[in-house]
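Below is one structure, written out as structure tokens; comments come after it.
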Amino acid sequence: MSQTTIALIYGTDTNNTEEVGHKIAEQYAELGVNVELFNVKDIEVSLLEEYPMLIMGIPTWDFGGIQADWEDLGDSLSELSLQGKTIALYGLGDQFGYGDYFVDAMGWLYEKLLPTQATFIGQWSTEGYDFEASRACINTKEYFIGLAIDEDQQFELTDQRIEQWVIQLYAERELEAA
Ligand SMILES: Cc1cc2nc3c(=O)[nH]c(=O)nc-3n(C[C@H](O)[C@H](O)[C@H](O)COP(=O)(O)O)c2cc1C
């Protein structure tokens, strides 16, 4: 089964989350899947209802704080109806600088989207990271709810993490459709 166009929506203050978004799109292109990128500050929230699959990227700022453009959408995210749609999340953070709040905003985004009834894929192992706590670890510290990327401390691992994650998403999506 072919995978249709994916919308990737990111928010960013210093462009890291956007750059990771481009890399995810490039990786998907190698699998023959088209990914359209949007900066969250430029979209209407209803755009999220137009795609069968959404990838959303968010960095964490100021001790567990939410990137401002995502925060502006706030509760309107929870009011969306996304039943039957697939969502994968990724978060940017700094595990040594902010180890008590590592990629917290990804956890916030998950909490906001939970009422939409979407299906989440792309959980990611916490192995290989060194942090104290994260709101993005939902029931166990063994997994993040999505991909965690650390451009500040582990930039050398970013490309391989993205490659592996996109392959995982592709496979999970095929299974879902089967
Ligand atoms: C002042 C400041 C506060 C930060 N707070 C956090 C934090 O609470 N948790 C975290 O995981 N990362 C934190 N970070 C790291 C950023 O999330 C990281 O640099 C990220 O790559 C920025 O993404 P962006 O360029 O897309 O905005 C902080 C960075 C700075 C400079």
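The values are calculated or read from the model by the stated rules, or taken from the named source; none is laboratory data. Worth saying up front: this structure is predicted, and the values here are computed from it rather than measured. With ideal geometry, Cβ positions are generated from the backbone for all residues, glycine too; neighbour counts draw on all protein chains shown. Keep in mind that these areas ignore ligands, DNA and RNA; they rest on the heavy atoms of the full protein, side chains included. Shrake-Rupley method; radii C 1.70, N 1.55, O 1.52, S 1.80 Å.
Could you give the length gained on full extension between Phe96 and Ser81, defined as 0.36 nm per residue of separation minus the Cα-Cα distance, in nm? Don't skip to the end; give the middle numbers.
Details: separation 15, 0.36 × 15 = 5.40 nm, distance 3.70 nm.
The Phe96-Ser81 span can extend by a further 1.7 nm.
Could you go through the range 17-29 in sequence order and give the Karplus-derived ³J(HN,Hα) for each residue, using 6.51 cos²θ - 1.76 cosθ + 1.60 with θ = phi - 60°, rounded to whole Hz, and x for Gly and Pro?
After applying 6.51 cos²θ - 1.76 cosθ + 1.60, I find 5, 5, 4, 5, x, 4, 5, 5, 5, 4, 5, 5, 4 Hz.
Hey, got a sec? Which chymotrypsin sites (Phe, Trp or Tyr not before Pro) in the range 1-101 land in a DSSP loop and have at most 10 other Cβ atoms within 10 Å? Show your work: numbers first, answer last.
Details: sites: Tyr10, Tyr28, Phe38, Trp61, Phe63, Trp70, Tyr90, Phe96, Tyr98, Tyr101; in loops: Phe63, Phe96, Tyr98, Tyr101.
Those satisfying the criteria are Phe63.
Please compute the modelled spin-label separation between Glu30 and Asp152, points set 7 Å along Cα→Cβ, answer in nm with one decimal.
2.9 nm
Over the range 1-57, average the accessible area per residue using a 1.4 Å probe and give it in Å², no decimals. Can you show the working numbers first?
Working: 2660 Å² over 57 residues.
Result: 47 Å² per residue.
Leaving ligands and nucleic acids out of the surface, order Lys141, Lys41, Lys112 by accessible area at 1.4 Å, largest first. Provide the component values of the computation, followed by the final result.
Numbers: Lys141 105, Lys41 130, Lys112 45 Å².
Greatest to least solvent exposure: Lys41, Lys141, Lys112.
Please compute the net charge surrounding Tyr10, taking Lys and Arg as +1 and Asp and Glu as -1 over other residues with Cβ under 13 Å from its Cβ. List each step's numbers first, then the result.
On the way: positive: Lys23, Lys41; negative: Asp13, Glu18, Glu19, Glu36, Asp42, Asp69.
Result for the local shell: -4.
Report, to the nearest whole %, how much of the accessible area of the range 1-159 belongs to carbon and sulfur atoms, 1.4 Å probe, protein only. Walk me through the numbers before you get to the answer.
On the way: 3080 of 7290 Å².
So the carbon and sulfur contribution to the accessible surface is 42 percent.
Taking a probe of 1.4 angstrom, what is the accessible area of Asp152 in Å², to the nearest 10?
Approximately 90 Å² of Asp152 is accessible to the 1.4 Å probe.
Testing the spin-label approximation: label points 7 Å from Cα along Cα→Cβ at Glu71 and Asp13. State their distance in nm.
Computed distance between label sites Glu71 and Asp13 equals 0.9 nm.
Going toward the positive end of the dipole of the range 103-178, with +1 on Lys and Arg Cβ and -1 on Asp and Glu Cβ, which of Gln164, Phe144, Phe120 do you reach last?
The one lying farthest along the dipole's positive direction is Phe120.
Pick out, from Ser78, Phe38, Ile9, the residue whose Cα sits farthest towards the positive end of the charge dipole of the range 6-177, with +1 on the Cβ of Lys and Arg and -1 on the Cβ of Asp and Glu.
Final value for the positive-end residue is Ser78.
When the Kirkwood hydrodynamic radius is evaluated over all pairs of different C-alpha atoms of the range 6-177, what value in angstrom, to one decimal, is obtained?
Details: mean 1/r = 0.0635 Å⁻¹.
About 15.8 Å, per the Kirkwood formula over Cα pairs.
Using the Cα centre of the chain as the reference point, and only Cβ charges (+1 on K/R, -1 on D/E), how large is the resulting charge dipole? Debye, rounded to the nearest 20.
Details: 8 positive and 33 negative charges, 116 e Å.
Rounded to the nearest 20 debye, it is 560 debye.
Let me have the 222 nm mean residue ellipticity of the chain computed from DSSP H runs of 4+ only, each contributing -39500 (n - 2.57), with the sum over all residues rounded to the nearest 500. Spell out each step's value before the answer.
Numbers: 4 runs with 51 residues, N = 178.
Result for the chain: -9000 deg cm²/dmol, rounded to the nearest 500.
Using modelled amide H (1.01 Å from N, peptide plane; none on Pro or chain starts), what sits under 5 Å from the amide H of Trp61, excluding residues fewer than 5 places away?
Ile66, Gln67
Output ³J(HN,Hα) for the range 48-57: one whole-Hz value per residue in order, computed from phi by the Karplus curve 6.51 cos²θ - 1.76 cosθ + 1.60 with θ = phi - 60°, and x for Gly and Pro.
In residue order, the calculated couplings are 5, 7, 8, 10, x, 9, 10, 10, 10, x Hz.
When a/c is below 1.5 the answer is rounded, else prolate if a/b is larger than b/c, else oblate, so apply that to the range 1-82 with a ≥ b ≥ c taken from the square roots of the Cα gyration tensor eigenvalues. Working shown, then result.
Values: a/c = 2.57, a/b = 1.32, b/c = 1.95.
Here the range 1-82 falls in the oblate category.
Which number do you get for Rg(Cα) / (2.2 N^0.38 Å) in the range 1-44? It would help to have the intermediate numbers written out before the result.
Details: Rg = 11.2 Å, N = 44, 2.2 N^0.38 = 9.3 Å.
Output field value: 1.21.
When the solvent-accessible surface of protein heavy atoms is calculated with a 1.4 angstrom probe, in what order do Ile138, Ile121 fall, highest first?
Working: Ile138 70, Ile121 10 Å².
Heavy-atom accessible area, descending, gives Ile138, Ile121.
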